[in-house]
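Q: Let me give you the structure first, and then I'll get to my questions.
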Amino acid sequence: MRLIDSESPRIKELKFIWKRLRSSPLSLAGLAIIIFFTLIAIFAPVLAPPRGGRDPYMMPRFGFSPTPRPPSPEAIFGTTEGQYDLYYGIIWGTRTAYRIGLLVVLASALVGIVIGSIAGYYKGVIDEVLMRITDIFLAFPSLILAMAFVVAFGRSLDSVTLALIIVSWPSYARLIRGEVLKVTAEDFVEAAKAVGCSDFRVIVKHVLPNTIFPLLVMASLDIGSIVLTAAALSFLGLGAPTGYSDWGQIISLSRNWITGAPGNPFAYWHTYIIPGVFLFLFVMGWNLLGDALRDALDPMMRRR
Amino acid sequence: MNSMLDNAEKLRVKDLIVRFYTYEGIVKAVEKANLNLIKGETLGIVGETGSGKSVTALTIMALTPPPGKVEGGSILFQRATGEVVDILKLNEAVLLKIRGKEISMIFQEPNAALDPLYTVGDQIAEALLTHRRAEMLEAARELEAVESRGLWKILKNIPYFRERFKEKLLKKAAQKEIIELLRLMEIPDPERIINAYPHELSGGMQQRIVIAIALACSPAVLLADEPTTNLDVTVQAQILDLIRRLKERFKTSVIYITHDMGVIAELSDRVAVMYAGNVVEVAPTREIFKNPLHPYTKALLDSIPRPGSPFKSIPGIVPNLVNPPSGCRFHPRCSYVMDRCIEGTPPLIEVSKGHYVACFLHGGA
């Protein structure tokens, strides 16, 4: 028998996860990137103070000329088409990215957990019906389906969020169902029933906690890709209203300037490189963190 | 239909039929099985793998594993109130009150029967708080004055934290009970083990914890499904000894499932022999060993390895239960097979006092 130390098991667990995260430079990089963006999102009003009386998410303009202007002391990232302030848009766009990413992932994970655990736990006809419904959603390419929903709901950020929830819950339901099927075959589920636990209690206390780690990994990987999909929708003109701080839209505004001026192909580099780099770092940060979590939480690698 | 139990009986399984609907066909796992459990006794059920022992046990708790379905028969059980019920006809709400409180179960694989995410203490507390919550609340109330100090003094007035505080007190109250229980299980240093996770304990220790969970609410019937099969022999002896003593202390009737005749001889008062879903012989333990009647029981006893004599096995294999043999299911392997064994199923008949056998060699019109 192993020596049992007095430290609380939860603290021990967290310490162990932290030790694994710390041991890999890539994980640390991911963590650093995410912390960086989180700070930007929290301190957006300080970093780019909004002008009073307007929606803080709307980018301020320096005139109405269509031609973007390069970075200057006045607008440190320069301006994009329509003289929108790039710096302001990128800072407040971090908030938009977080809002979409977290909202979509949380909501679709929640729906996925409910549907997946009911299907996996009760099996049989219930499972069959729920999984065929899931299949219908999975049968369409998710971007196309999301586009169709946004068009149906009307163009706004809220309909983008809703559309993305509708297309992403099925993969969570699938994942959870598979894990639940695996866990319900274990004796301890039978044992919990034999003690007199109700189905609800068995699912919430014994089944779900044993299935949640793969979900955490998938969710963290998803936050990045959801933001990317939202950006794609914005780029296609289906997202936020014009002038809203949203990375996808900022890149979309640079569409006419990517080819540059005659004889100078990189004349307007700042209009697409800067928002592109931010979007890239954000997605990469979540991917690195997701990978790190997978390594840290993988039961095969960690059970000593 | 006899829907009554004898005075001495605690539980009776009558003509139980359980079938599994699989892709290969319908598996007739239990076919008209009859058993009874006398108050205070230990009934051993022996049989090979696939003879329907475990399915019968799970069905007694109305937990027949899917895709299994109970297709007939009844399981009469005398509840703590004295009322006799048919477990197969009860609704889920009543069953939740019976499982763990009046009938509980010890599993074969202690490592798998414990949830890896909770401490041993939490898992025993679950059983206690499911069925003895009122009692624990009483104990928690006494602790309240002592525990409400520091931050809790303020926090306990806020509705959410009030609930947390109650949970904390309940756990604390249960803890005393749990340590007592662990001590009964002869676990050294229970104050430390209560905070251990299952994977930190040895198989023998884990099995003691599983037994503690099963006995936490002093059930009237304990189903033990090969609880010592995966333990090494010295630990096995300790666990058997423990079960025997706890049975006296908790005044529990035990159904002990095993394929080990040695364990049966050691522990049980009566034995039921199962073969391919049928109960083929029931008799007091002494009688089974001295005077086995069914050819299968004889073969089973002959196959116990003895030093010096050659190892004997039963010829043939356990039949496929999708297409079981006609008549007596043992007939293809039986050395006394007659024509009527192929045609008809022999009923379970009492040949001498308390000795039942299902074989045409011994009566059966």
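Q: Within chain B, which is the longest segment containing none of the chymotrypsin sites (Phe, Trp or Tyr not before Pro) that sit in a DSSP loop and have at most 16 other Cβ atoms within 10 Å?
A: B:24-310
Q: What is region B:224-283 by shape, rounded, prolate or oblate, if you read a ≥ b ≥ c off the alpha carbon gyration tensor as root eigenvalues and call it rounded for a/c under 1.5, prolate for a/b larger than b/c, and oblate otherwise?
A: oblate
Q: Hey, can you grab everything whose amide H is under 5 Å from the amide H of B:Ile45? Only 5+ residues off in sequence or another chain; H modelled, so Pro and N-termini drop out.
A: The list, which skips near neighbours in sequence, is B:Tyr256, B:Ile257, B:Thr258, B:Ala272.
Q: Please determine, in degrees from 0 to 90 and to the nearest 10, the orientation of helix A:212-235 with respect to the longest principal axis defined by the Cα atoms of chain A, where the helix direction is its Cα long axis.
A: 20
Q: Report the semi-axes of the equivalent ellipsoid for chain B in whole Å, largest first, where each axis is √(5λ) for an eigenvalue λ of the Cα gyration tensor.
A: 43, 22, 18
Q: Quick one, what does Rg over Rh come out to for region A:69-215 if you take C-alpha atoms and the Kirkwood Rh?
A: On the way: Rg = 21.5 Å, Rh = 18.0 Å.
Radius of gyration over Kirkwood radius for region A:69-215 works out to 1.19.
Q: Which of A:Gly89, A:Gly124, A:Gly276 moves most in a GNM of chain A, Cα contacts under 10 Å?
A: Maximum fluctuation in the GNM of chain A, among the listed residues, is at A:Gly124.
Q: Looking at chain B, do any whole DSSP H helices span at least 15 angstrom along their long axis by alpha carbon and average -0.5 or above on Kyte-Doolittle, and which?
A: Numbers: long enough: B:120-131 (18 Å, 0.43); B:133-147 (20 Å, -0.37); B:159-184 (38 Å, -0.62); B:203-215 (18 Å, 1.13); B:233-250 (25 Å, 0.07).
Long hydrophobic helices here: B:120-131, B:133-147, B:203-215, B:233-250.
Q: Once you have a ≥ b ≥ c as the square roots of the Cα gyration tensor eigenvalues for region A:1-144, tell me rounded if a/c is under 1.5, and otherwise prolate or oblate according to whether a/b is larger than b/c.
A: oblate
Q: Right, next: With labels modelled as points extended 7 Å from the Cα through the Cβ direction, what inter-label distance (nm, one decimal) is found for A:Leu103 paired with B:Ile349?
A: According to this spin-label approximation, the distance is 7.9 nm.
Q: If you don't mind, there's one more thing I want to ask. Whose amide H sits under 5 Å from the amide H of B:Ser253, counting only residues 5 or more places off or on another chain, with H placed in the peptide plane?
A: When sequence neighbours closer than 5 places are left aside, the close amide H contacts are B:Gly40, B:Val221, B:Leu222.
Q: May I pose another question? What list of ³J(HN,Hα) values in whole Hz, one per residue of region A:100-116 in order, does the Karplus curve 6.51 cos²θ - 1.76 cosθ + 1.60 (θ = phi - 60°) give from phi, with Gly and Pro shown as x?
A: 5, x, 5, 4, 5, 5, 4, 5, 6, 5, 4, 4, x, 5, 4, 5, x
Q: With the Cα gyration tensor of region B:305-355 giving a ≥ b ≥ c as the square roots of its eigenvalues, does the rule (a/c under 1.5 for rounded; else a/b larger than b/c for prolate; else oblate) give rounded, prolate or oblate?
A: Working: a/c = 2.30, a/b = 1.28, b/c = 1.80.
Note, shape of region B:305-355 comes out oblate.
Q: To test your reading of the geometry: what angle, between 0 and 90 degrees and rounded to tens, separates the Cα axis of helix A:9-22 from the longest principal axis of chain A?
A: The helix A:9-22 is inclined about 40 degrees to chain A.
Q: Something else now. If you build a Gaussian network model of chain B, linking Cα atoms that sit under 10 Å apart, which residue out of B:Thr81, B:Thr64, B:Thr252 swings the most?
A: Maximum fluctuation in the GNM of chain B, among the listed residues, is at B:Thr81.
Q: I've got another one for you. Mean-square fluctuation check for chain A, GNM, Cα pairs under 10 Å: which of A:Val125, A:Val195, A:Val283 is largest?
A: A:Val195
Q: From the P(r) of region B:59-179, could you give the percentage of C-alpha pairs in the tail past 20 Å?
A: 59
Q: Can you give me the P(r) profile for region B:201-347? Cα pairs, bins 10 angstrom wide beginning at 0, each as a whole percent.
A: Result, from short to long distances: 10, 33, 31, 20, 6, 0 percent.
Q: Run through region B:219-280 and list the trypsin sites (Lys or Arg not before Pro) located in a DSSP loop whose Cβ has at most 14 other Cβ atoms within 10 Å.
A: Here the trypsin sites (Lys or Arg not before Pro) that fit, given the DSSP loop and packing criteria, are B:Lys251.
Q: What lysines does A:Lys123 reach when the alpha-carbon gap must be under 29 Å and sequence neighbours fewer than 8 apart in one chain are set aside?
A: Candidates past the 8-residue exclusion: A:Lys182, A:Lys193, A:Lys205, B:Lys28, B:Lys32, B:Lys53, B:Lys69, B:Lys89, B:Lys97, B:Lys101.
Q: I need two numbers for region B:1-67: Rg to one decimal and Dmax as a whole number, Cα atoms only, in Å.
A: Cα-based Rg and Dmax for region B:1-67 come out at 13.4, 44 Å.
Q: Compute the whole-percent fraction of alpha carbon pairs in chain A spaced more than 31 Å apart.
A: That tail contains 42 percent of the Cα-Cα pairs.
Q: Averaging sequence separations of C-alpha pairs under 8 Å and six or more residues apart, then dividing by the length of chain A, give the relative contact order as a whole percent.
A: This gives 24 percent for chain A.
Q: Once you have the Kirkwood Rh of region B:81-150 from its Cα pairs, apply Stokes-Einstein at 20 °C and 1.002 mPa s and quote D in µm²/s.
A: Reported coefficient: 142 µm²/s.
Q: Compute the acute angle (0 to 90°) between the alpha-carbon long axis of helix A:269-297 and the principal axis of greatest extent of the alpha-carbon atoms of chain A; round to the nearest 10°.
A: Tilt relative to chain A: about 10 degrees.
Q: While we're looking at this one, here's another question. Report P(r) for region A:180-304: all Cα-Cα distances, bin width 5 Å, range 0 to the bin holding the largest distance, values in whole percent.
A: Here the calculated profile for region A:180-304 is 2, 10, 13, 12, 11, 10, 9, 8, 7, 6, 5, 3, 2, 1, 1, 0.
Q: Oh, and also: At each listed q (0.14 Å⁻¹), what is the log10 of I(q)/I(0) that the Debye formula gives for region B:45-96 modelled as equal alpha-carbon point scatterers?
A: Values, matching the q order: -0.41.
Q: Which of B:Val13, A:Leu31, B:Gly363 sits closest to the plus end of the dipole of the protein assembly as shown, meaning its Cα is farthest towards the positive end, when Lys and Arg get +1 and Asp and Glu get -1 on the C-beta?
A: A:Leu31
Q: So what's the protein assembly as shown giving for Cα Rg divided by 2.2 N^0.38 Å, two decimals? Working shown, then result.
A: On the way: Rg = 33.4 Å, N = 669, 2.2 N^0.38 = 26.1 Å.
In units of the 2.2 N^0.38 Å rule of thumb, it is 1.28.
Readers should treat all values here as calculations from the given coordinates under stated rules, not as data from a laboratory. Keep in mind that this is a model prediction, so the values were computed, not measured. Because the Cβ atoms are built from the backbone with ideal geometry, glycine has one as well, and the counts that use them run over all protein chains shown.
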